[in-house]
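Handing you a structure now.
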Amino acid sequence: MLGSIAGDIIGSVYESCPIKTMDFALFEPGCVFTDDTVMTVATAWAILNRVGYAEAYKNFGRRYPGRGYGETFGRWLMSDSMPAYNSWGNGSAMRVSPVGFACQTMDAVLDQARQTAEVTHNHPEGIKGAQAVALSVFLARQSNDKAVIKREIASRFGYDLNRTIDQIRPAYGFDVSCQGTVPEAIVAFLESDDFEHAVRLAVSLGADSDTLACITGGIAEAYYKTIPEWIAEQTRRRLPQEFLNIIEQFRELFFNESDNDKDPEV
């Protein structure tokens with residue numbers, strides 16, 4: 001899941017100042033982790049500790065305030081009784097990549113992704129976006145054929161993945177919906193040659209660049225199996241020790257072991 005976090009940090013400075021080019025510095029001085037990272041780590045922590053997702057999100061969100069949370073999500077974080085609010089926003093998709101790494105069956109991926117989403121984003125599009133991202137990560141771990149991933153996601157979720165980034169980029173504007181973010185992020189992965197290229201493609205769309213790159217980065221890490229060490233190091237430098245500990249624990253349990261050793265019920 002370090003790939004998701006790297007994408008978030010790299011894209012963070014371009015969200016308020018969108019760019020439409022792939023020629024940019026990956027790590028500007030102002031690059032920081034945002035709510036995408038906090039909630040991704042919270043998802044991993046919930047899986048590791050078998051804690052409910054709502055509890056995990058409120059735990060981490062309250063302890064790491066001011067990271068760009070949406071207004072309604074912010075109210076939910078601080079409330080002890082506010083129910084899910086039928087959101088179709090891309091917040092459900094940005095935080096779900098750990099599910100794709102932890103689960104060992106397609107059914108488990110779809111079920112856990114639904115659970116991560118529905119505590120807040122219980123609109124069908126919010127759930128669909130989370131499931132599409134988690135399943136993309138899961139499939140990327142297992143397949144060397146991007147055509148297989150593309151076909152499965154497009155047929156199951158109805159997303160148009162036949163466009164290119166060059167076709168999308170000119171008219172693409174700020175969009176916080178799952179339906180206006182997830183397909184574009186997946187296209188960036190499908191078109192990429194390596195991890196860095198994937199993140200650059202995602203950020204070059206402009207708009208909600210940290211979330212686009214977060215989603216793309218998670219899928220790209222799963223597919224390419226590695227992140228350039230200098231990108232990983234720059235990412236780690238910007239994270240609190242608590243996050244680093246969770247990332248390492250999660251990686252040791254789910255990323256480096258064979259599938260046969262993992263819990264199929266996660």
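Since every read-out is calculated from the coordinates, none of them should be taken as a lab result. Just so it is clear, the model here is predicted, and its values are computed rather than measured. Neighbour counts are summed over all protein chains in view; Cβ atoms, including those assigned to glycine, are modelled from backbone coordinates with ideal geometry.
Given (1) closer than 23 Å to residue 207 by Cα; (2) over 18 Å from the mean Cα position of the chain (by Cα), identify the lone condition not met by residue 75.
(1)
Have a look at 195, 255 and point out the one that is surrounded by fewer than 24 Cβ atoms within 10 Å (Cβ to Cβ) and hydrophobic (A, V, I, L, M, F, W, C).
255
Of all residues in the stretch 80-106, count the ones that are in contact (Cβ under 8 Å) with a residue 40 or more places away in the chain and among the hydroxyl-bearing types (Ser, Thr, Tyr).
Going through the stretch 80-106 one residue at a time, the tally reaches 3.
Can you name the residue in the stretch 47-68 that is assigned to a helix (DSSP H, G or I) and free of Cβ contacts under 8 Å to residues at least 12 places away in the same chain and, of all such residues, is surrounded by the most Cβ atoms within 10 Å (Cβ to Cβ)?
55
Could I ask something else about it? Would you confirm whether or not the stretch 72-79 contains a residue that is surrounded by fewer than 16 Cβ atoms within 10 Å (Cβ to Cβ), outside any helix (DSSP H, G or I) and without any contact (Cβ under 8 Å) to a residue 40 or more places away in the chain?
Within the stretch 72-79, one or more residues are surrounded by fewer than 16 Cβ atoms within 10 Å (Cβ to Cβ), outside any helix (DSSP H, G or I) and without any contact (Cβ under 8 Å) to a residue 40 or more places away in the chain.
Moving to a separate point now. Does any residue in the stretch 114-127 that is closer than 19 Å to residue 56 by Cα and touching a residue at least 12 places away in the same chain (Cβ under 8 Å) come within less than 8 Å, Cβ to Cβ, of a residue that is of a type in the set (Lys, Arg) and assigned to a loop (DSSP other than H, G, I, E, B) six or more places away or on a different chain, and which pairs are these?
From the stretch 114-127, the pairs are 116/95.
Collect the residues in the stretch 189-217 that are in a loop (DSSP other than H, G, I, E, B) and either touching a Gly at 6+ places or on another chain (Cβ under 7 Å) or of a type in the set (Asp, Glu) (or both), keeping them in residue-number order.
The answer is 193, 194, 207, 208.
Hey, among 10, 19, which residue is part of a helix (DSSP H, G or I), touching a residue at least 24 places away in the same chain (Cβ under 8 Å) and of a type outside the set (Gly, Ala, Ser)? Working first, answer last.
Values: 19 fails: part of a helix (DSSP H, G or I).
Result of the check over 10, 19: 10.
Give me the pairs: first residue in the stretch 135-147 and within 14 Å of residue 99 (Cβ to Cβ), second residue among the small types (Gly, Ala, Ser) and surrounded by fewer than 16 Cβ atoms within 10 Å (Cβ to Cβ), beta-carbon distance under 9 Å, and six or more apart or on different chains, which are they?
none
Hey, another quick one. Return yes when residue 223 is surrounded by 17 or more Cβ atoms within 10 Å (Cβ to Cβ), aromatic (Phe, Trp, Tyr) and assigned to a loop (DSSP other than H, G, I, E, B) and no when it is not.
No; evaluated as a whole, the condition is false for this residue.
Examine the stretch 34-43 for a residue that is touching a helix residue (DSSP H, G or I) at 6+ places or on another chain (Cβ under 6 Å), in a loop (DSSP other than H, G, I, E, B), touching a residue at least 60 places away in the same chain (Cβ under 8 Å) and farther than 18 Å from residue 196 by Cα, and state whether such a residue exists.
Checked against the condition, which is being touching a helix residue (DSSP H, G or I) at 6+ places or on another chain (Cβ under 6 Å), in a loop (DSSP other than H, G, I, E, B), touching a residue at least 60 places away in the same chain (Cβ under 8 Å) and farther than 18 Å from residue 196 by Cα, the stretch 34-43 yields at least one hit.
Residues to consider are 88, 45; find the one that is of a type in the set (Phe, Trp, Tyr), more than 21 Å from residue 247 (Cβ to Cβ) and within 18 Å of the chain's Cα centre (by Cα).
88
Does the stretch 144-188 hold any residues that are surrounded by 14 or more Cβ atoms within 10 Å (Cβ to Cβ), in a loop (DSSP other than H, G, I, E, B) and of a type in the set (Gly, Ala, Ser), and which are they?
The answer is 180, and nothing else.
Now for a separate question. Could you list, in sequence order, all residues of the stretch 148-167 that are touching a residue at least 24 places away in the same chain (Cβ under 8 Å) and farther than 14 Å from residue 209 by Cα?
149, 150, 153, 156, 157, 159, 161, 163, 164, listed by residue number.
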